[in-house]
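Single-structure report; data block below.
The values are calculated or read from the model by the stated rules, or taken from the named source; none is laboratory data. Quantities reported herein were computed from a predicted structural model and do not represent experimental measurements. Note that each Cβ is placed from the backbone with ideal geometry, even for glycine, and that neighbours are counted across all protein chains shown. Ligands, DNA and RNA are stripped out before the accessible areas are found, and what is left, the full protein with its side chains, is counted by its heavy atoms. Shrake-Rupley method; radii C 1.70, N 1.55, O 1.52, S 1.80 Å.
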Amino acid sequence: MDQPGKCPPDGSKVWKRCLLVLDPDLSLRECSEKLKSTAWCCQHATSAAQALVHLQQHDISVAVAAIHSGNQQYLAKEIALIQRQYPQIHWLAITDNTLDQRCSWLLSANFIDYYHHPLDWNRFADTLGHMWGMTQLMSPTPQHKPTDKRVPIIQGEHPLLQQLRNNLHKFGNSDETVLLSGETGSGKGLCARWLHHLSRRRDGPFITINCGALPAGLIHSTLFGHEKGAFTGADKRYIGHLEQADNGTLFLDEIADLPLDLQVNLLHFLDDKQITRIGGNTLLPIDCRLLFASHQDLESAIEEGRFREDLYHRINVLRLHVPSLRQYSEEVTLLARQFLEDCLVSGQQLQFSDDAVSAMQHYDWPGNVRELRNRIRRAVVMSDDNIISAKLLGLESSLNPHQQCADLADRRDELDTEVLLKAITDNKHNISAAARALNISRATFYRLLKKCHIRP
C-alpha cells in the first residue's frame, strides 16, 4: 500500500496521497470526485497564498495547474512564488485548446507533462501516481514544514491589528456563522480565508461567491445547484456552491445584494442544513460553515426593506470588523514590504525608495489594503531598476500633503453641507426619507448634521 501522507482518511481505512490543485478559475472542481477512487486527496487553491497554506499543512509532492491563454502570466508568477519555498514539487499542467505558442515557455520551464481537456481520468491518474512514486525515490525523508498555524494575517503591533488577530483566532475555533464588516478593500476576504485556515474545516474546501457579481436569475442555481433539464439551458446537473462547500467553508461576500426571495431560502438552509437542487426533489444534507461579508450598513438595508431582519440576526452570531488601512497607517510600510515580497519572482530584488515610504505614510488609502496591494503589483511590473519610487506607485501628490489636505477638508465640508441641506429640503424635512435618499442610516445622517453644524 502507498505510504500515508498527512491528509486525513475520508472515512475508509485507506490513507490518501495529497495533490495540490492550483486552479484560479475553478475549472478543476471535479478532480476530488474523479480521483477519489485512486486514493488522492485534492487540496484546491486559487492563488499562491492558498497553496502555501496547504503545503504547510500536508505532505504534498505533486501539483497540477489549470492553464489557458488568459491566465498564463498570472500563473507564472504564482508558481514562481510557490517554487521559491517548495522547489521539490513536481508539476503537471492541464490546458485547453485556446493555449497558444506563447505558453510554451511556461510549460517547458515548470511542468513535467501536460494534458488537454477533456481529460482521460485513468491516464491522468496513472501519470500522477508515477510522478508521486518518483518524488518518493528522490525524497526518502519527509521535508520539514512549519507547524505554527497561528500565523498573523497582517504583522504589526497596532492595537486594532492585535484585536483583529485575537478575534480571528477565537472565531476560527468556533463553527458559528461570522459576519465581517468593513470598507471595500479592507481585507474581509482575506480574513474569511484565515478563519477557514484556523478552523477544524481547514482540510475541506473554501468556496467564495460574490452575491453582487452575479445576475439575480443565476444566484439561486449558483448557490443551490440544479438538475439536468430543470430549466432551458440546463443540459447537465450542476453542483451548487453550498454543496461544493460540504465539509468546508462557504464565504458569501456582499450579502446585502442577495435578492429577498433567496434570503428566505438561505435562512431555511441555516436552520436545517439541507438543500434541494432546482428541478430536484431530494433533500441533501450539507455540513458547511457560512461566513458573510458586506461593506454596506445592513441595519439601514433592513430599514429600507432590502434585507430581512430575521436573516440578519441569524448571520450576526459573531461580528468581525476589519479596520480601514488609514486607521493603522503607522503599519503601512511593514504591510507594503510584505506585499512586495509576495509579488517578487525568483531572483528579483526590489525595495522602496525614501520618497515612496513617505508617500505611502501620508496617503489616505481610500481603496484600503486592496489598493495598496494593486499599486505595488503594478509598480513591480513597471519598474526598470531595483527601486520602487513614489512616482511608480502613483503617489507623487502625497509627498506634500499638508496644504492639499487642508484645502480638501474645507471643500469636503462645504460639499457635505450642501448635499445634506438639499436632501432635507427635497424630502420636506423628513430625516428618515433624507437618509434613505442618500443611502445612509439615520444615525450616520445625524452624525453628519452635527459635524456640519446643521440643526435638524
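Pairs spanning more than 31 Å between alpha-carbon atoms, out of 188/391; 428/451; 170/228; 170/450; 428/450; 34/77: 170/228; 170/450.
Computed with a 1.4 Å probe on the full set of protein chains, the accessible area for residue 33 sits at about 120 Å². Largest accessible area first, the residues 134, 382, 360 order themselves as 382, 134, 360 under a 1.4 Å probe with ligands, DNA and RNA left out.
Could you calculate the contour length gain from residue 84 to residue 348, that is, 0.36 nm times the residue separation minus the distance between their Cα atoms, to one decimal place in nm?
Length difference between fully extended and current span is 93.9 nm.
Modelled spin-label separation between residue 430 and residue 96, with each label point placed 7 Å from Cα along the Cα-to-Cβ direction: 5.0 nm.
Once the Cβ-Cβ distance of residue 239 and residue 455 is raised to the sixth power relative to R0 = 51 Å, the FRET efficiency obtained is 0.30. Per residue of the chain, the DSSP helices (runs of n ≥ 4 H) give a summed -39500 (n - 2.57) that works out to -13000 deg cm²/dmol at 222 nm.
For 318, 438, 161, the ranking by accessible surface with the largest value first comes to 438, 318, 161, using a 1.4 Å probe.
Geometric descriptor of region 185-304, per residue, is 117 Å³ (volume of the convex hull of the Cα atoms). Here the gap between residue 391 and residue 214, fully extended at 0.36 nm per residue and compared with their Cα-Cα distance, gives a gain of 60.1 nm. The calculated Kirkwood hydrodynamic radius for region 39-101 is 12.5 Å, given to one decimal from all distinct C-alpha pairs.
Okay, which of region 312-354 sit inside 11 Å, backbone N to the point 7 Å along the Cα-Cβ direction of residue 158? 323-336, by backbone N distance to the label point. Of the options [x] 1.04; [y] 1.59; [z] 1.10, only one is Cα Rg over 2.2 N^0.38 Å as computed from these coordinates, and that is [z].
Working ranking of peptides 116-129, 322-335 by packing, defined as the average number of other Cβ atoms within 10 Å per residue, highest first, is 322-335, 116-129. As a rough guide to protection, the peptides 391-397, 426-432 ranked by mean Cβ packing within 10 Å, highest first, stand as 391-397, 426-432.
Here the chain carries DSSP beta bridges of which approximately 5% are antiparallel, counting only pairs with both residues inside. In whole angstrom, region 280-379 maps to an equivalent ellipsoid with semi-axes of 39, 21, 11, each derived as √(5λ) from the alpha carbon gyration tensor and ordered largest first.
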